[in-house]
1. The conditions are (1) part of a loop (DSSP other than H, G, I, E, B); (2) among the hydroxyl-bearing types (Ser, Thr, Tyr); (3) over 18 Å from the mean Cα position of the chain (by Cα), and residue 58 fails exactly one of them. Which is it?
2. Please state which one of 115, 97 is surrounded by fewer than 17 Cβ atoms within 10 Å (Cβ to Cβ) and not in a helix (DSSP H, G or I).
3. Restricting to the stretch 197-209, and then to whatever is open to solvent by less than 30 Å² (accessible area, probe 1.4 Å) and either in contact with a Phe, Trp or Tyr (Cβ under 7 Å, 6 or more places away or on another chain) or in a helix (DSSP H, G or I) (or both), can you tell me which residue is nearest to residue 123 (Cα to Cα)?
4. Under 6 Å by Cβ, and 6 or more places apart or on different chains, what pairs join a residue from the stretch 209-232 that is in contact (Cβ under 8 Å) with a residue 24 or more places away in the chain with one that is aromatic (Phe, Trp, Tyr)?
5. Restricting attention to the stretch 121-166, and to residues there that are open to solvent by 60 Å² or more (accessible area, probe 1.4 Å) and part of a helix (DSSP H, G or I), which single residue is farthest from residue 209 (Cα to Cα)?
6. Among (1) part of a helix (DSSP H, G or I); (2) under 18 Å from the mean Cα position of the chain (by Cα); (3) modelled with pLDDT under 95, which single condition is residue 26 missing?
7. Is it the case that the stretch 171-183 has a residue that's within 26 Å of residue 41 (Cα to Cα), of a type in the set (S, T, N, Q) and touching a Cys at 6+ places or on another chain (Cβ under 8 Å)?
8. Just the residues that are in contact with an Asp or Glu (Cβ under 9 Å, 6 or more places away or on another chain) and either in a helix (DSSP H, G or I) or aromatic (Phe, Trp, Tyr) (or both), please, taken from the stretch 67-81.
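The values are calculated or read from the model by the stated rules, or taken from the named source; none is laboratory data. Just so it is clear, the model here is predicted, and its values are computed rather than measured. No Cβ is skipped: glycine too gets one built from the backbone with ideal geometry, and neighbour counts run over all protein chains shown. Only protein heavy atoms, including side chains, enter the accessible area calculation; ligands, DNA and RNA are left aside. Shrake-Rupley method; radii C 1.70, N 1.55, O 1.52, S 1.80 Å.
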Amino acid sequence: MRVGLFVPCYVDAFHPEVGQATLELLERFGCEVEYPFDQTCCGQPMTNTGCHKESKATEELFVRNFKDYDYIVAPSGSCVNHIRNNFDAVAQTDDVKHVREHTYELVEFLHDVLKVDGFPWAEFPHKVALHNNCNALRGLNIASMTELREKKFSKPRDLLGMVKGLELVDITRPDECCGFGGTFSVFEEATSARMGQDKARDQAKSGAEYVTSSDSSCMMHQEGCAKRLGLPTKYIHISQILNGERA
């Protein structure tokens, strides 16, 4: 299958190793991966701040770049949630519908589409706490939500459970927002910082050596909070663990 790799802005700018790990991981499973070089932002920041009309041009460009692929995969639940559920600034043509319906966050693509049953190259002998981004959790149903009476499931846990030596540890409030929220962390800086500190303290109390997530944006925020609190916790994107990166 032909897969278009979408690398979000903040991954490209701050954590390019996440995009590289995603590419290598998809190729390990036989995907024909291409990276459209004209790609830019998907338009999520504008839409999140209520500027829907301003996101129209970026959404149109995204569709032109990715409309011919069987699937579009990104290492970001928040961006995928925007494309799938909030891509409304453009006319809903067949190309737009195809892009919306075939864009997947990396974890759900591995879990639901490829249905992987192992990562024989991966070994990570550490205690790891899992952070589920709010958009991935509540917008993409990447895991069950503690506030709902539903059968428990977790796609990231299913995948991480296949990694040799990795021990998952639980935090007290697993579904609580870390406070990043994109532009929220800019306009509500004090509240965002306090939420991030609470999350970082909770992770440290769990005994986790590492925290992993499918969203670099949340971890970037949490890592900054942890460093300012003097906590020893380290942060790593799930793509890097699954691709066999050693700490």
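1. Among (1) part of a loop (DSSP other than H, G, I, E, B); (2) among the hydroxyl-bearing types (Ser, Thr, Tyr); (3) over 18 Å from the mean Cα position of the chain (by Cα), residue 58 violates only (1).
2. Exactly one residue qualifies, and that residue is 115.
3. If we take residues in the stretch 197-209 being open to solvent by less than 30 Å² (accessible area, probe 1.4 Å) and either in contact with a Phe, Trp or Tyr (Cβ under 7 Å, 6 or more places away or on another chain) or in a helix (DSSP H, G or I) (or both), then 203 is nearest to residue 123 (Cα to Cα).
4. Qualifying pairs under 6 Å: 211/235; 217/10; 217/180; 218/180; 219/235; 221/180.
5. So, considering only residues that are open to solvent by 60 Å² or more (accessible area, probe 1.4 Å) and part of a helix (DSSP H, G or I), the one farthest from residue 209 (Cα to Cα) is 138.
6. So the condition that residue 26 fails would be (3).
7. The initial filter retains those residues of the stretch 171-183 that are within 26 Å of residue 41 (Cα to Cα), namely 177-183.
Those still in the list that are of a type in the set (S, T, N, Q) too: 183.
Now narrow it down to the ones that are touching a Cys at 6+ places or on another chain (Cβ under 8 Å): none.
No: zero hits.
8. Scanning the stretch 67-81 gives 69, 77, 78, 79, 80, 81.
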